């Protein structure tokens, strides 16, 4: 039986264990804005942002800047999904005037994806603060790079307020983008899962000479404190705000680097349901048979259960889809991209008369035609994966130069 002191010690140990599991409060770049106020003193500030840019106290980025002395917030710039994050993927948005702040909101996912000289005319410093998701094909990092490029071309300072990579900054996985397939879902030679924050990516894009014309921005990254590379978003004590309509939670983000590949096929990735990317299927799939086949592959930390769903938008809208639901068992062992490739391969083999490629989009997502070609030709996916490891080793050497945070 525990004595009073023993009970107290037990309570303390339990609290310490809980704190260790949470790993502590992370302060984002936005949280640390006041410490860098001199950068903005006397300046006209433009902000590339959306609905995710809140500090730890729940204050929105515009209000945060407006309470700082001796600066002017001159304009806002919005990415894909719009300033409020409500537009579906690929839907263009128009520029507008903010209904509350009465500031111009320049759309960077409409008539242009890069700020024009006219948009930047009355701005001295351009700030970027948007929550990324950690996958190469998530477009916010290219909104950042094109804005940084415009800032460089127009003599404006560019400031990135850093935020966590939700799926950790430890793991690097997948094929490297090949230059001929560069697009807005992948502009630079990085892998699908890059394991970097937006601040680290900004440094790499800038210093590697990857911006158009090899221009160099006057870049400042305001780093986080308290974040370590092995931390998942739910260990940061920060509130998760879904960064786009079909990215509702961390579990979705965890599998997204692989399951997004289904966008390049006629299999539904379950957009328009409450579990996008965590389930997938089609009217012509037998869910139990597919679950059995996928479970037989024994993919790391991933198992499958038969399910049915009816999308309210996107592929097979209003049609009952049979498929599978993903259950993850240990997120630190997951290999989402490689598992995604194997999932596509298995569906292709099971339904050769029903399965269809969206060739251009699939290849852009993979950053190479080799994955589709290997699946279509029935050649070894393991050999392809071995080739990636050579490319990833070279990428890690580049990446190491720009990492801000340790383990």
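A short reminder: the numbers here are calculations on the coordinates, not readings from a lab. This structure is a prediction, so every number in the text was calculated from the model and none was measured. Backbone-built Cβ (ideal geometry, glycine too); neighbour counts: all protein chains shown.
Tabulated data for the structure shown
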| item | result |
| --- | --- |
| Most mobile of 353, 230, 46 in a GNM of the chain (Cα contacts under 10 Å) | 353 |
| Within a Gaussian network of the chain (alpha carbon springs, distance under 10 Å), most fluctuating of 213, 85, 110 | 213 |
| Antiparallel bridge percentage (DSSP; both residues within the range 123-250; nearest 5) | 30 |
| Cα-based helix-to-principal-axis angle, 381-400 vs the chain, degrees rounded to 10 | 10 |
| Residue 295 versus residue 121: modelled label distance in nm, points set 7 Å from Cα along the beta carbon direction | 6.5 |
| Angstrom value of the Kirkwood radius, inverse mean 1/r, which spans all Cα pairs in the range 27-103 | 13.5 |
| Difference of contour (0.36 nm per residue) and Cα-Cα distance, residue 210 to residue 393 | 63.9 nm |
| Taking 124, 249 and counting other C-beta atoms within 10 Å, the order from fewest to most | 249, 124 |
| Cα-Cα pairs of the range 250-368 separated by more than 25 Å (percent) | 13 |
| For the range 46-90, alpha-carbon Rg over 2.2 N^0.38 Å | 1.27 |
| FRET efficiency, 1/(1 + (r/R0)^6) with R0 25 Å, evaluated for residue 178 and residue 25 via beta carbons | 0.05 |
| Share of pairwise Cα separations in the range 313-407, more than 15 Å, in percent | 74 |
| Reduced Cα scattering model of the chain, Debye log10 I(q)/I(0), q = 0.08, 0.10 Å⁻¹ | -0.46, -0.70 |
| Relative contact order of the range 250-368, pairs being alpha-carbon contacts under 8 Å that are 6 or more residues apart, as % | 33 |
| Cβ-based exposure ranking for 302, 350, in which fewest neighbours within 10 Å come first | 350, 302 |
| Beta bridge orientation in the range 33-241: antiparallel %, DSSP, nearest 5 | 25 |
| For the range 168-223 and the range 59-135, distance of Cα centres in Å | 21 |
| All-pairs Cα distance distribution in the range 33-241, expressed in whole percent, bin size 10 Å | 8, 36, 40, 15, 1 |
| Length gained when the stretch residue 251-residue 400 is fully extended (0.36 nm per residue, less Cα-Cα span) | 50.9 nm |
| More than 11 Å apart - percent of Cα-Cα pairs taken over the range 284-324 | 63 |
| Crossing angle, helix 198-207 versus the chain [Cα axis fit, 0-90 degrees, rounded to tens] | 80 |
| Angle in degrees between helix 250-259 and the longest Cα principal axis of the chain, rounded to the nearest 10 | 60 |
| Relative exposure of 219, 294, judged by other C-beta atoms within 10 Å (fewest first) | 219, 294 |
| Label point distance in nm, residue 89-residue 356, each placed 7 Å from Cα along Cα→Cβ | 1.8 |
| The chain: most fluctuating residue of 382, 346, 269 per GNM, C-alpha cutoff 10 Å | 382 |
| In nm, spacing of pseudo-spin labels at residue 114 and residue 373 (7 Å Cα→C-beta vector) | 3.0 |
| DSSP-defined antiparallel bridges as percent of all bridges, the chain, nearest 5 | 50 |
